Structure formats: structure tokens, C-alpha cells
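The values are calculated or read from the model by the stated rules, or taken from the named source; none is laboratory data. None of these values were measured; they are calculated from a predicted model. We place every Cβ from the backbone using ideal geometry, glycine too, and count neighbours over all the protein chains shown.
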Amino acid sequence: MAINIKYDEKEKTRLCKMWEYEHRCYDNGFKNVAGVDEAGRGPLAGPVVAAAVILNKDMVIPGINDSKKLSEAKREYLYDEIRAKAISIGVGIVDEKVIDEINILQATLLAMKRAIETLSVTPDYLLIDAEKINSIAIPQFSIIRGDSLSISIGAASIIAKVERDRILIDYDKKYPEYGFGKHKGYGTKQHIDCIRKFGLLPIHRKSFTKNF
């Protein structure tokens, strides 16, 4: 499927603005700035997945934005573009069992930590979507709605979302009656009806599904 992403003046201006946080870091002497974000905090099933992305300074990939604002086709296209052009990408995954053990916030922070630790280039500064990772001794800054305000966090949000979606699509093949390929584990009516009809699976978060 051909993807048409306009690179007009409006898009150039938007992307330039999304580079502002990174440029502040560069102006203060930092070189390898990693954006960090997650996907999957809210679903009833499956893991939480985090990504860390270090981009080349001023690289241009039209369309990078908060993954929630993009169609699935655009996310897949941009995923490949980011994979091809980024300096380094790390992915961290924490499964449903650990989520139940330590709670979703701690699981999210752990997934982010794992993503950072799997980068092939060690970052010297972190831009993180709405969180602070106290277990990592790297200078960092938390940005509310960072996935739509920072280019590297936006890139991380796309990587995390696509990686997690692919995991749920694999679950869909294993448990086709639950519809994971459509709802990706979120608490839609279809998903809840399936839980009530067929019961809970090993991949369901028990702490999220106590009322079923």
C-alpha cells in the first residue's frame, strides 16, 4: 500500500517545532538524545512495550507524530523509516505476569529501562513521555504529551506501538476467537464479551480483569 505523507510548509513547520526539545539538549552539549515512550498501559491483555530512539540530528522523516494520531498504515510505514534511519533503537517488553506482580506503573518504568539498556549507543540525555526513571542515572526530562511535542519521543511512540501490535496479532493467531488482531487487548465490548463467553487466558492481566 502506497503511503502519501505531505512534506509541505505546514509539515516542515510542525517537524521543526518537534525538534525544539532536542535542540535545547544539543545546545547544552548533549549529543545522543533518546526519546522514550510506551504502548499498552491500558489493555486487559498482553505486555507493556517501551521504545527508546536516538535520531540523527535534524533528520527528516515527514509524518512522525504521536502514534495514536496515525493510521495503522502510516505507523507501519513510519516504523520502517525510523528503523532505517535512526542512530539506535531499543525495545523493552514487560509481560502480563510481571504487570500483575509489580503494577502497571512500575512495569512501564521497567519496560522503559529495558528499552534504554538495549540501545546500541549509550544516550547522554533522555526525553521521556510523562515519566521519570529514577533507576537510571542519565540526565532526563519528562514531557507531558511528549509524543506530540518531541520528535524522538514521537518516533519512540511509533516503534513501541507497532512492536506491541505485532505481538497481539501473533496472539490473534493463537486465540482467534478473542479478536486480538482488532482490539489489541484493549477493553472493547467485543473483548469483554469474549472474556465472559470463553474465560480468561494466560495472557490476560489478572489485576485488570478481577470483575470478569
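Here is how the numbers come out for the structure above:
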| quantity | calculated |
| --- | --- |
| Unmet requirement for S150, which otherwise passes all of (1) within 30 Å of K210 (Cα to Cα); (2) under 16 Å from the mean Cα position of the chain (by Cα) | (1) |
| From the options A130, A137, residue that is surrounded by fewer than 22 Cβ atoms within 10 Å (Cβ to Cβ) and without any contact (Cβ under 8 Å) to a residue 12 or more places away in the chain | A137 |
| Filter pass, I195 being among the hydrophobic types (A, V, I, L, M, F, W, C) and under 14 Å from the mean Cα position of the chain (by Cα) | no |
| Any helices (runs of 4 or more DSSP H) falling wholly within the stretch 130-212 and containing at least 3 residues that are touching a helix residue (DSSP H, G or I) at 6+ places or on another chain (Cβ under 6 Å) and under 17 Å from E38 (Cα atoms) | 151-174 |
| Failed item in (1) modelled with pLDDT under 95; (2) within 14 Å of P43 (Cα to Cα), with I203 passing the rest | (1) |
| Verdict on I167 being under 16 Å from the mean Cα position of the chain (by Cα) and surrounded by fewer than 22 Cβ atoms within 10 Å (Cβ to Cβ) | yes |
| Which numbered condition M112 misses (of (1) assigned to a helix (DSSP H, G or I); (2) surrounded by fewer than 17 Cβ atoms within 10 Å (Cβ to Cβ); (3) of a type in the set (A, V, I, L, M)) | (2) |
| Cβ pairs under 7 Å, 6+ apart, first in the stretch 59-79 and at positive phi, second part of a loop (DSSP other than H, G, I, E, B) and surrounded by fewer than 20 Cβ atoms within 10 Å (Cβ to Cβ) | G63/I5 |
| Residue within the stretch 119-127 that is surrounded by fewer than 22 Cβ atoms within 10 Å (Cβ to Cβ) and β-branched (V, I, T) present | yes |
| Residue among A137, A156, A107 that is modelled with pLDDT of 95 or more and closer than 26 Å to D80 by Cα | A156 |
| Set R41, R14: member being closer than 22 Å to R75 by Cβ and out of contact with any helix residue (DSSP H, G or I) (no Cβ under 7 Å at 6 or more places or on another chain) | R14 |
| Failed criterion for I151 (all others in (1) under 30 Å from N28 (Cβ atoms); (2) without any contact (Cβ under 8 Å) to a residue 40 or more places away in the chain; (3) buried (at least 18 other Cβ atoms within 10 Å of the Cβ) hold) | (2) |
